[in-house]
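Okay, structure first, notes after.
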Amino acid sequence: RSPLTSIRGYAEAILDGTIPYENKDRYLNTILFETDRLNHLTSNLLTLNTFDQSSIFLEKSTFDIHTCIRNAVDSLEGSASKKNVSFILDFDSSSELNVSADINRIQQVVHNLIDNAIKFSHNDSSIVIGTKTKGDKAFISVKDTGIGIPDEFKDDVFKKIWERFYKSDTSRGKDKKGTGLGLCICKEIIDAHKQTINVVSTEGVGSEFVFTLKVAK
Ligand code: ADP
């Protein structure tokens, strides 16, 4: 069902009295929830649309990936604390790790991966975000101990999660707000940088997403 169908239906039912006045808050909350979902979907679709029209234009600069990770963690602190999920930052060094990439795009990749890690984590757990370097490559990993990705047809599922609108968990309905576009956006951004992004995951144990970036000289 499209979010607009519920938004319209509930707004109409509140106005014409089908929903009793004393129950209105519950339905207004659904309207808010669906509005958020639609916002999220629209902005993801707009992002992918710009990728389609012009192969992603990168504005590269040198920046500290640790600061980028801390920014994402700060902005997602609210949704993490609702589930009592904490973050462990396991950085390569206590100082900066400068990489050469498009800072806004990479900020989005980090945000999407941490956002997913929170969504698919159990309450009262931790997410480890680590960095490592090897030669001129930086490895950034986001690891959760959540529901993981189903085992059946593993290779198939692992291939599919990067595709548009793919959601492996629709039946369990754990994540009603998901659009199935977040990982696709991550993959296109990392491909455009000529870097790699991979996942290791076990159902019921957790998932680890790792991507690479070029270390700045
Ligand atoms: P969304 O999260 O909006 O559904 P994504 O493209 O970000 O879309 O993710 C696609 C699917 O991959 C998710 O619906 C989920 O099934 C699976 N997935 C992504 N990240 C994780 C994770 N950290 N743990 C378990 N499953 C995940």
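The values are calculated or read from the model by the stated rules, or taken from the named source; none is laboratory data. What you see is a predicted model; the values in this text were computed from it and never measured. Quick reminder, even Gly has a Cβ in these numbers, built from the backbone with ideal geometry, and neighbours come from all protein chains shown. These area figures cover heavy atoms from the full protein model, side chains too; ligands, DNA and RNA do not enter into them. Shrake-Rupley method; radii C 1.70, N 1.55, O 1.52, S 1.80 Å.
Worth pointing out:
- Fluctuation leader among Asp92, Asp124, Asp64 - the chain, Gaussian network, Cα springs under 10 angstrom: Asp124
- The H on the amide N of Phe87, modeled in the peptide plane, is under 5 Å from the matching H of Ile127, each at least 5 residues off or on a different chain.
- Percent of Cα-Cα distances greater than 16 Å, calculated over the range 94-133: 50 percent
- From helices alone, the chain scores -14500 deg cm²/dmol at 222 nm; the rule is -39500 (n - 2.57) for each run of n ≥ 4 DSSP H residues, then divide by the residue total.
- Of the cross-linked pairs Lys83/Lys160; Lys83/Lys214; Lys82/Lys143; Lys82/Lys160; Lys83/Lys167; Lys159/Lys194, those separated by over 26 Å at the C-alpha level are Lys83/Lys160; Lys83/Lys214; Lys82/Lys160.
- Each principal axis of the Cα atoms in the range 1-86 has its own extent, and those three values, largest first, are 58, 39, 16 angstrom.
- Cα-based Kirkwood hydrodynamic radius, the range 68-217, one decimal, Å: 15.7 Å
- Across Glu163, Glu203, Glu12, mean-square fluctuation computed from a Gaussian network of the chain (C-alpha pairs under 10 Å connected) peaks at Glu12.
- Alpha-carbon centroid distance for the pair the range 181-210 / the range 126-155, whole angstrom: 8 Å
- For the chain, built as a Gaussian network whose Cα springs stay under 10 Å, the top-fluctuating residue of Arg164, Arg26, Arg105: Arg26
- Accessible solvent surface per residue of the chain, calculated while the other protein chains remain in place, 1.4 angstrom probe, Å²: 56 Å²
- Projecting label points 7 angstrom from Cα along Cα→Cβ for Thr35 and Ser100 puts them 4.6 nm apart.
- Percent carbon-and-sulfur accessible area, the chain, ignoring ligands, DNA and RNA, probe 1.4 Å: 52 percent
- With viscosity 0.692 mPa s and temperature 37 °C, the Kirkwood radius over alpha carbon pairs of the range 102-169 converts through Stokes-Einstein to a diffusion coefficient of 237 µm²/s.
- Here the chain carries DSSP beta bridges of which approximately 85% are antiparallel, counting only pairs with both residues inside.
- Mean projected area of the Cα convex hull of the range 58-105, taken over all directions, amounts to 3.8 nm².
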